[in-house]
Amino acid sequence: MKKYQVAVFGSLLKDIEFFSDEIFIIKNPKDALRQKFVASEYGAKLPIDKENLFLNFGGGCGNVSFGLNKLGIKAAPFGRIGYDQFGNELISHFKSHKIDKNLIQIDKKEPTGFSFILGVENQREHVIYTFKGATQELSFNTKYLSSFKSEYFYIAALSQKNWQNDLRKLFSKARKDKTQIIWNPGQRQLSDPKAMLELLPQTEVLIVNKDEAIQLVVEFFGKNKQLNNIKYLIYKLKTLGPTMTIITDGKIGASVLDSGGKYNKLPAYGKKVVDTVGAGDAFGSGFLAGWIHWQDAKKALQLGLKNSGSVVSKVGAQNGLLTKKNI
């Protein structure tokens, strides 16, 4: 039976990203949920210069497992790819970096998923179009779950339809194996907070961004005037059961409320922001690596922010990740 420090669950994707000065931002102040749009001339055929085209790898599972390994943690990706060129490229990518690929499932019917990332030149934000492909068929059956043990599970966004039952299986395995769970839920999970509530008391570390924290707090505690107060949000989320709670807040930084009830808030690292793709995954891998190395929430938070700050200084979700030599 294979043994790992961390098994990482989620999507494995090919990222196709480009920037163009023919794409524009249009403000839309009338809609609070869609305050900005990107646009280009309808019917236009726009060239992409090779210096603005980037072919990388992505997906929460791939980004976090890659980031952990760079920081000296033996982590294996538990994801699903197709039997195709993109899938072969992903396998070769992991092999070339000596990352264990034994937990990766091969789907002979569905193609490997990919993201098409549209960036506005000289702007740090983007629009991501994602085709999930084989990752929607990720299987948590006994055959796969009984083949390994891990000290930690890192659960990124899951896109399969039966994710609720799959997570119950995963949490059950964690209880049996005494595995600690770090959970960074995706939008599909956040859209079903009642299913999340069942599992949060078994979660060692919950990681959400500020918008996601507000979404959960409103769902369980209702609206009030303190929803922009990070400290209020993090204490409310802690009452839902996780041992430790983290809220990230983009360029502001991040906060953690640890198992002993100690609250820490640290500013973001780095000033140069080139591309924000993969920032959240870089934070997650940095935090968990720091926690494994030091068992200190504040120091782990610091490493998470440093890793995230490094990633956004380069294009691509994995290109700017820190190595063990950087910590």
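Mind listing whichever residues of the stretch 235-255 are under 20 Å from the mean Cα position of the chain (by Cα) and under 23 Å from F171 (Cα atoms)? Talk me through it step by step, then tell me what you get.
Going residue by residue through the stretch 235-255, those that are under 20 Å from the mean Cα position of the chain (by Cα) are 237, 242-255.
Within the stretch 235-255, L237, P242, T243, M244, T245, I246, I247 qualify.
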*asked:* I'd like to check which strands (runs of 3 or more DSSP E) are fully inside the stretch 5-96 and have at least 2 residues that are closer than 17 Å to I128 by Cα.
replied: 13-20, 24-27, 36-39, 53-58
*Quickly run through the stretch 130-159 and pick out the residues that are hydrophobic (A, V, I, L, M, F, W, C) and either touching a strand residue (DSSP E or B) at 6+ places or on another chain (Cβ under 6 Å) or more than 20 Å from G87 (Cβ to Cβ) (or both).*
F131, A134, L138, L145, F148, F153, I155
*Kindly check whether there is at least one residue in the stretch 121-131 that is in contact (Cβ under 8 Å) with a residue 12 or more places away in the chain, among the aliphatic types (A, V, I, L, M) and closer than 27 Å to P47 by Cα.*
yes
*Got at least one residue in the stretch 45-65 being at positive phi and touching a Pro at 6+ places or on another chain (Cβ under 9 Å)?*
yes
*Which is surrounded by fewer than 23 Cβ atoms within 10 Å (Cβ to Cβ), in contact (Cβ under 8 Å) with a residue 24 or more places away in the chain and part of a helix (DSSP H, G or I), of Q164, Q160?*
Q164
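Only one residue in K210, K178, K236 is free of Cβ contacts under 8 Å to residues at least 12 places away in the same chain, closer than 28 Å to I292 by Cβ and either buried (at least 19 other Cβ atoms within 10 Å of the Cβ) or of a type in the set (K, R) (or both), so which one is that? Spell out how you get there, then give the answer.
Working: K210 fails: free of Cβ contacts under 8 Å to residues at least 12 places away in the same chain; K236 fails: free of Cβ contacts under 8 Å to residues at least 12 places away in the same chain.
After applying the criteria, what remains is K178.
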*For N56, state whether it is surrounded by 13 or more Cβ atoms within 10 Å (Cβ to Cβ) and in contact (Cβ under 8 Å) with a residue 12 or more places away in the chain.*
yes
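Residues of the stretch 303-313 being part of a loop (DSSP other than H, G, I, E, B) and surrounded by fewer than 22 Cβ atoms within 10 Å (Cβ to Cβ), which ones?
Within the stretch 303-313, the first condition is being part of a loop (DSSP other than H, G, I, E, B), and the residues that meet it are 312-313.
S313 - this is the single residue of the stretch 303-313 that is part of a loop (DSSP other than H, G, I, E, B) and surrounded by fewer than 22 Cβ atoms within 10 Å (Cβ to Cβ).
Per-residue answers, yes or no, for (1) at pLDDT 95 or above; (2) part of a loop (DSSP other than H, G, I, E, B); (3) crowded, with 24+ Cβ neighbours inside 10 Å; (4) of a type in the set (A, V, I, L, M, F, W, C):
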residue: G241; (1), (2), (3), (4): yes, yes, no, no
residue: K251; (1), (2), (3), (4): no, no, no, no
residue: A254; (1), (2), (3), (4): yes, no, yes, yes
residue: G261; (1), (2), (3), (4): yes, yes, no, no
residue: V274; (1), (2), (3), (4): no, yes, no, yes
residue: A282; (1), (2), (3), (4): yes, no, yes, yes
residue: I292; (1), (2), (3), (4): yes, no, no, yes
residue: L301; (1), (2), (3), (4): yes, no, yes, yes
residue: V315; (1), (2), (3), (4): no, yes, no, yes
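Does S115 count as part of a loop (DSSP other than H, G, I, E, B) and among the hydroxyl-bearing types (S, T, Y)? Show your work before the answer.
Details: part of a loop (DSSP other than H, G, I, E, B): no; among the hydroxyl-bearing types (S, T, Y): yes.
Answer is no for this residue.
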*Does K194 qualify as being under 30 Å from Q295 (Cα atoms), out of contact with any strand residue (DSSP E or B) (no Cβ under 7 Å at 6 or more places or on another chain) and loosely packed, with under 15 Cβ neighbours inside 10 Å?*
no
*For residues that are in a loop (DSSP other than H, G, I, E, B) and more than 19 Å from L170 (Cβ to Cβ), scanning just the stretch 118-153, find the one that is modelled with the lowest pLDDT.*
R124
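The values are calculated or read from the model by the stated rules, or taken from the named source; none is laboratory data. This structure is a prediction, so every number in the text was calculated from the model and none was measured. Counting neighbours? That spans all protein chains shown, and the Cβs are built from the backbone with ideal geometry, glycine included.
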